[in-house]
Amino acid sequence: MENNQLTKEMYDELERFIEAIPDKENAIIAVLHKAQEICGYLPREVQEFIADKLNVPANKVYGVVTFYSYFTTVPKGKYAINVCLGTACFVRGADKIVNELEKKLDLKIGETTPDGKFSLDGLRCVGACGLAPVVMINGKVYGKIKPKEVNKILAEYND
Amino acid sequence: MKMIKLTIDNQVIEVEKGTTVLEAARQAGIEIPTLCHDPRLESSLGGACRMCLVEVQGARTLSPSCTMPATEGMVVSTRSERVVQGRKVVLDLIWSRHPHDCLTCSAAGNCKLQDYSFEYGVKGSRFENPEEPEFPLDHSNKFYYYDRNKCILCGKCVRVCNELQQTHAIGMSERGFDTHVSPPFEDPLAQSKCVSCGNCVSVCPVGALVPRRTDRFRYWEVRKVRTTCSFCGVGCQMELLIKGDKIVEVAPYAGESNNNMLCVKGKFGYKFVNHEDRLKTPLIKRNGTFEEATWEEALDLVVDKLKKTKEEYGPDAVAGFSSARCTNEENYLFQKLLRAVVGTNNVDHCARLCHASTVAGLATTLGSGAMTNSNLEALKSDLILVSGSNTTESHPVIGAHIQQAKEKGAKLIVAEPREIELAKEADIFLQIKPGTNVAFFNGMMHVIIKEGLQDKEYIAARTENYEELEKIMEAYTPAKVAEICGINEDDLVKAARMYGEADRAAIYYSMGVTQHSTGTQGVMSVSNLALLCGNIGKEGAGVNPLRGQNNVQGACDMGALPGDYPGYQKVFDPKAQEKFEKAWGAKLSDKAGLTLTEVLNGLDDGSLKMLYVMGENPVVSDPDTKHVEEALRKADFIVVQDIFMSETAEFADVVLPAASFAEKDGTFTNTERRVQRVRKAIEPIGSSKPDWMILSDIMNRMGYEANYKNPGEIMDEIASVTPQYGGISFDRIEEEGLQWPCPTKDHPGTKVLHTESMSRGKGLFKPADYIESAETTDKDYPYIMTTGRILYHYHTRTMTKRVKGIDIMFPESYIEINPVTASRLELKDGDKVKVGSRRGEIVTTAKVTDKVDEDVVFMPFHFYENGANTLTQAALDPIAKIPELKVSAVRLEKA
């Protein structure tokens, strides 16, 4: 994810995955998941590649990609920060965490820092309501956090 | 079919199981409002707008009637207080995000949101968001624009584009408040796959998709006239919207031939009618320049010349080209003028250049030279084999139906020299070399016979000469055929099996099969294959020649052919001759006349003196342009009757201004043999006249009485002498056209030909060996050039070049060249390239594409300047006399 360049290896891996699917026309979502896992995001070229390989129109792929907030068409940061905006987290002050992160990273939710290090997104309920408010960074969960702890958490990624 | 009963608004209704509540209500005459419903679309995917909410007894919430299946005993209320309140909320919500600009909106008067708001008393919205963003308009398409701000997200446009038109240019993007209609990746429409068919525009219930207009009008100012489209043989039904004396818009009409669809030409190509270039007065050439003349002067001159030529050189010194673009009534009168008044059978028209081989070939094998099945039957096919037809461009609405069939599960095989749109979707695509059709079909039959997939019972009961077929097919092994056609052997075997195993297999073909020196044999090979597997006389199957022009089927039916009276009764058959002599009260010639290509030779060698051309443009449409022009220059006298000053009209001595299809009554017969009404919508432009009036006038002046009050009377005369049209009259086809044969007044018309027996009795196998094209490549001319149509243009562009959007997109000729060939010649896309054949040389623009093979190039034939037909040759099919327009050897050179 550090480098947003799409490599031939990525396409090869994706193609192998697609080739193994028997019912290609109904596999869009599974393939998009895989593609995002491999490439980090789903730029136009990847979507067109998938449409071509699955033999489905590009408008169908694009429709699915833009419908689900999980899929992203812009590259995410090396460290993808996701703040849960589900009901429990929101009640316990997730919005304040977002504000703090926006201020510290100097970006808006949905954006990536110019150096490609951090991206900030909101998501809906990660199923850890007992830990609300929850922040996830590249899969690592931080629970019951307060705005003033944001600095400390970000410092962990000071490489 | 199981029937169920339900109650809607206290009315007990019986409907088929599977019917939705909406359909059930409509069947009972109960109107339910809808914004997103279209009966052609899959109902389970609907339910977007919620306007059709109804109350079902026992249900907790209101339900959308368009997606809800009717069930036994259901009690539905469509107008209860709760329903009305529910619909008001729906309208209120839609209004909250819709601009309130009905005063200036061009859709006003044609807007369902406006109508329903009026009906339900919705004046404003409680949910309005003052910060609603404003989106820019997409003006990129040449024919319509998209205003996202006005879109109510009913989804009809997206579903029509995907489900019906099968273009997949637009979709629904994002979700929630951000949902919107767009091409993938938010590209402008002009850069999407959009083919400008405008079917989305036609179904938009509001002002989000709107035709680009040159004339401002309000919908309440226009009147609507239903008619038949004047482009291509599909015969789409449409309504012309007229303000004053001008066509301002075209809307599709749900006729049997088109399922409420149109293509770019039908929807947006009407602007030629009111174009300033229309011929408005008769012209007489004096000292090399045209001068305006009165009808009196012009017709006197024509009649004088006709009489003198006939007296001096005999009637066979006169020839006429009738027109596949004029009505049946006009074609009938034209051939009657030549036969009964002048006394010659020298009458032909440009079917000679497209489907003469179909008429000859299928008449021989089946007894009737026309499409055996109907336009929309593609949807009932298990397998569709397309060969020699770029259907989605040349017959777009039929092409879309083939694609629909494919999506619904039908198999698709495409055998074509170019990788056309259908080829990309096909189960098997065989990129055959131009001119190898006979070998291809023979190869298919070889495999089918070898594997025992032929329909033996059918062969025994309904065909003859099978033994000869078996004998000749023996030699066409897959290996040999693959070699001749340049295709993969296994693919051929797979295709043959697929065809042989299908229950309902339809073959669609067009000029890729017919325009060869072996065109008739190509057609008979198609027929052989269909007969072999019992596919003639069956719904969803058959041999389906797609006729090119709006009335080319009708012009043939009317006897605008040198050997045929109306209804294909032969001029050399004494009985037929006697019949027509009696009917027309004139002595008739029993000698078959000259074909189109022979007429040009006749002018060239001086045996023909006078030529009368009605609505044809041989200078552009015929092969070997130089030869055509030389021949026309030698004629003593040429009359051209047209709506524009065509390239051919320039050679005329007298030009007669004709009325267009929008200015006259009559009928066109489409490719599926359906005789459909053409209606007068506006007065003839200038002092132009409908062709039937001009022809009647000339007949009268020649001393032959022709007193028709209207084209309906001419049709009555046609019906009296043409068995296939015997039951056809204007009053019977007022609402829906009839398909011939329709021999009597109570005959319902014929959807599928040859169901009980073939028209000739038994289906005749007419096998033949493959013969190479007349011209093959050599050292000097190493590439094969093939020609064809493009979606946006029609015939010789006389009409379509006057439609601004089309002319901007495709103003001039071009040539498709394979990337490998291009690189060998150091050509880049867009470079000028010199193309030469043994007939001539042109300079055109290279379009580098892998649609064509390395040794094949393709040119659209619509253009005069640097046109394809400067290069083509007049090598003729010996039976049908159709020229080999599809194969010319050429050389290429960077210009």
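We did not get these values from a lab; they are worked out from the coordinates using the rules stated. This one's a predicted model, so the numbers in the text were calculated from it and none came from an experiment. A quick note on method: Cβ atoms are made from the backbone with ideal geometry, for glycine too, and the neighbour counts reach across all protein chains shown.
Points worth noting:
- Volume of the Cα convex hull of the range A:8-67, divided per residue and given in Å³: 69 Å³
- Here each label is just a point 7 Å from Cα along the line to Cβ, and for B:PHE135 and B:GLN191 those points are 1.7 nm apart.
- Here is the tail figure for the range B:717-759: Cα pairs spaced more than 12 Å apart come to 58 percent of all pairs.
- Burial ranking of peptide ranges B:57-65, B:405-413 (average Cβ count within 10 Å, highest at the top): B:405-413, B:57-65
- For the range A:79-155, alpha-carbon Rg and Dmax in angstrom: 11.2, 34
- Built from the Cα atoms of the protein assembly as shown, the convex hull projects on average onto 47.6 nm², one quarter of its surface area.
- Against the main long axis of the alpha-carbon atoms of chain B, helix B:596-605 sits at an angle near 40°.
- Using the Cβ-Cβ distance between B:HIS747 and B:GLU578 with R0 set to 25 Å, the FRET efficiency from 1/(1 + (r/R0)^6) comes to roughly 0.45.
- Cα pair distances in the range B:44-125, grouped into 5 Å bins until the bin that holds the longest one, percent each: 3, 14, 23, 21, 16, 11, 7, 3, 1, 0
- C-alpha center-to-center spacing [the range B:275-327, the range B:122-199] in angstrom: 52 Å
- Helix axis angle, B:574-584 relative to chain B longest principal axis, alpha carbon, degrees: 70 degrees
- Lysine pairs meeting the criterion (Cα under 15 Å, 8 or more apart or interchain), as found in the range A:79-155: 15
- Bridge type composition, the range A:79-155 - antiparallel percent by DSSP, nearest 5: 55 percent
- Calculated [θ] (222 nm, deg cm²/dmol) that DSSP helices of n ≥ 4 give over the protein assembly as shown, each run adding -39,500 (n - 2.57): -8500 deg cm²/dmol
- Size descriptor, Kirkwood hydrodynamic radius, that averages inverse alpha-carbon separations across chain B, Å: 28.9 Å
- The aspartates and glutamates whose alpha-carbon is closer than 17 Å to the alpha-carbon of B:LYS265, local same-chain residues fewer than 8 away aside, are B:GLU239, B:GLU249, B:GLU393, B:ASP807.
- Residues of type lysines that B:LYS894 reaches as a straight line, Cα spacing below 18 Å, ignoring anything fewer than 8 places off in the same chain: B:LYS779, B:LYS828, B:LYS832, B:LYS834, B:LYS847
- Computed from the C-beta positions of B:ASP9 and B:ASP590 and an R0 of 56 Å, the FRET efficiency is 0.20 to the nearest 0.05.
- The range A:22-62 and the range B:657-715: distance between their alpha carbon centers, rounded to Å: 56 Å
- Placing dummy labels 7 Å off each Cα toward the beta-carbon, the span from A:ASP95 to B:GLU312 is 9.8 nm.
- 0 to 90° range, to nearest 10: angle between helix A:44-54 axis and chain A longest Cα axis: 50 degrees
- Over all Cα atoms in the range B:569-640, the spread is summed up by Rg and Dmax: 15.1, 43 Å.
- Other protein chain C-beta atoms within 10 Å of residue C-beta, averaged over A:55-61: 6.
- Between B:LEU45 and B:LYS17, the distance separating the two model label sites (each 7 Å from Cα on the Cα→Cβ line) works out to 2.6 nm.
- Summarising the strand pairing of chain B, around 55 percent of its internal DSSP beta bridges are antiparallel.
- Among the residues of B:184-191, the average count of other protein chain beta-carbon atoms within 10 Å of the residue beta-carbon is 4.
- 10 Å Cβ neighbours from other chains, averaged over peptide B:161-169: 2
- The GluC sites (Glu not before Pro) of the range B:529-630 that DSSP puts in a loop, and whose beta carbon has at most 16 other beta carbons within 10 Å, are B:GLU539.
- Computed from the C-beta positions of A:LYS8 and A:GLU48, the FRET efficiency with R₀ = 22 Å rounds to 0.85.
- Using a cut-off of 26 Å between Cα atoms, the listed pairs B:LYS142/B:LYS246; B:LYS308/B:LYS575; B:LYS411/B:LYS450; B:LYS246/B:LYS280; B:LYS2/B:LYS112 include B:LYS308/B:LYS575; B:LYS2/B:LYS112 as exceeding that distance.
- Residues of the range B:1-45 falling in the label zone of B:VAL75, defined by backbone nitrogen less than 12 Å from a point 7 Å along Cα to beta-carbon, are B:7-11.
- Theoretical gain in end-to-end length, B:ASP304 to B:SER720 [0.36 nm per residue, Cα-Cα removed]: 146.6 nm
- Cross-link reach is defined here as a Cα-Cα straight distance under 19 Å, omitting same-chain residues fewer than 8 places apart; for B:LYS456 the lysines meeting it are B:LYS471, B:LYS538, B:LYS762, B:LYS766.
- Residues within the reach of a label modelled at B:LYS709 (point 7 angstrom out along Cα to beta-carbon, backbone nitrogen below 20 Å), restricted to the range B:725-759, are B:728-734.
- Extension gain, B:THR281 back to B:ASP807 (0.36 nm per residue minus Cα-Cα distance, nm): 186.8 nm
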